[in-house]
Amino acid sequence: MMSEAVLNNIKTRRVVRAMTDEPVAREQIEAILEAARWAPSGGNLRPNRYIVIQDAATRRLIRLVSPGMFQQAPVLILICTNWDVVAEHNVPPTDRALLIDIGTAAQTMLLAAQALGLASGPVTSYSKEAVKIILNLPASYSPEMFICIGHKAEIVQTGMRAWKKISWRDLTHWERFK
Amino acid sequence: MIDWAICAVKQAEPHETVSGGQSTLMSENWVLKEEEAVELLALLITSARIQMEEPAHYGPLRLLTATERLSAMIVERASEKSRAFLQENVDRIPDMHMAMSDGEAYIAALDERCRAVAACLLRHSCPPEEE
Ligand SMILES: Cc1cc2nc3c(=O)[nH]c(=O)nc-3n(C[C@H](O)[C@H](O)[C@H](O)COP(=O)(O)O)c2cc1C
């Protein structure tokens, strides 16, 4: 039964691009951050750092430099790479594990939000340089992806229709290529 | 075919345009506040930058997002002639994004807006009715 709940959570999560301004409880935000801590990380290095933004003025400024942020979410979690950690472990900056780490953390947070009955959506279409200035990020932090968290607004969703219907079978090959 | 019937709408006083120094008949109403203009400017500059790393079809999406935001900023202060256009055409842009994966439908929807904006320009630039 438990496994069914987890699988359903994965299948029913959709990006939400219209949110209400109802605040998100602090415990729920912390639960999402704790879930991200348990996401798999290459070499168990954990180079990601998370910045939680709830202040309305800061959120507004971020949205103004983020053309791909359609939602006005009450909580933004910015996933950053901390390059000091990367350097400390002599990881080449081009190592793709660094990008994959962002992906595992992001998906874990999206699913945690879904499990808590919250709406969420990732955003990468923003100006990195502008975000660095607005958040006064340390030089060793690069802003990699926003996770918007909030409550779904009951209006018709703006979003992209699938390019074509796909099932997992279309995405899968078994064994060897002939 | 141009619908000259819309030229029957009475116009506001003419003023000089910045671009060609030519006289046009567009209303002199201020419809955008400085804060709004700067917000729009931020959207346009950051869109230009992120477009360098994103798929080409995101370009129209960003321009339409800017169109939507500009429309929301000015719709209440716009003249009747513009407001009808904004309400009938720009308010429906979010539905259009859904059709992005259907190239032909997307182009048809964009063409429809282009015809509508041309008609709106004509409404603004037709000479005043003879007394
Ligand atoms: C790396 C990555 C970047 C994304 N960036 C954005 C973004 O900037 N804005 C946005 O609205 N959605 C963004 N998305 C969400 C995708 O558009 C969305 O996951 C996809 O359309 C499928 O929808 P679904 O997750 O609801 O099934 C991003 C997703 C990923 C994985």
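The values are calculated or read from the model by the stated rules, or taken from the named source; none is laboratory data. Remember, predicted model here, so these are calculated numbers, not experimental data. Cβ sites come from the backbone with ideal geometry, for glycine too, and all protein chains shown count toward neighbours. Side chains included, ligands, DNA and RNA excluded: accessible areas come from the protein's heavy atoms. Shrake-Rupley method; radii C 1.70, N 1.55, O 1.52, S 1.80 Å.
When restricted to residues that are under 13 Å from the mean Cα position of the chain (by Cα) and assigned to a helix (DSSP H, G or I), segment B:82-104 contains 10. Looking at this structure, is A:L171 open to solvent by 10 Å² or more (accessible area, probe 1.4 Å), out of contact with any helix residue (DSSP H, G or I) (no Cβ under 7 Å at 6 or more places or on another chain) and either touching a residue at least 60 places away in the same chain (Cβ under 8 Å) or more than 14 Å from every other protein chain (Cβ to nearest Cβ) (or both)? Judged against the criteria, A:L171 is a match.
Scanning segment B:51-81 for residues that are acidic (D, E), within 11 Å of chain A (Cβ to nearest Cβ) and in a helix (DSSP H, G or I) turns up just one, B:E68.
Among the residues of segment B:53-63, those identified as open to solvent by 20 Å² or more (accessible area, probe 1.4 Å) and in contact (Cβ under 8 Å) with a residue 24 or more places away in the chain are B:H57, B:P60. So, in segment A:122-148, of the ones that are surrounded by 23 or more Cβ atoms within 10 Å (Cβ to Cβ) and under 22 Å from A:R46 (Cα atoms), which residue ends up farthest from the ligand (Cβ to nearest atom)? Here the residue is A:I147. Which one of these is open to solvent by less than 80 Å² (accessible area, probe 1.4 Å) and more than 16 Å from A:V123 (Cβ to Cβ): A:P23, A:P47, A:P74? It is A:P47.
Scanning segment A:79-121 for residues that are of a type in the set (G, A, S) and open to solvent by 30 Å² or more (accessible area, probe 1.4 Å) gives A:A87, A:A97, A:G103, A:A115, A:G117. The set of residues in segment A:77-103 being within 12 Å of the ligand (Cβ to nearest atom) and over 13 Å from A:I147 (Cβ atoms) consists of A:L99, A:I100.
Got at least one residue in segment A:30-52 being touching a Pro at 6+ places or on another chain (Cβ under 7 Å), away from every other protein chain (no Cβ under 14 Å) and either within 16 Å of the ligand (Cβ to nearest atom) or under 30 Å from B:S47 (Cβ atoms) (or both)? Within segment A:30-52, not a single residue is touching a Pro at 6+ places or on another chain (Cβ under 7 Å), away from every other protein chain (no Cβ under 14 Å) and either within 16 Å of the ligand (Cβ to nearest atom) or under 30 Å from B:S47 (Cβ atoms) (or both). Only a single criterion out of (1) more than 16 Å from A:P122 (Cβ to Cβ); (2) away from chain B (no Cβ under 14 Å); (3) within 16 Å of the ligand (Cβ to nearest atom) is not satisfied by A:V65, namely (2). Within segment B:83-109, being under 30 Å from A:V16 (Cβ atoms) and open to solvent by 50 Å² or more (accessible area, probe 1.4 Å) holds for B:Q87, B:E88, B:D91, B:R92, B:D95, B:M98, B:D102, B:E104, B:I107, B:A108.
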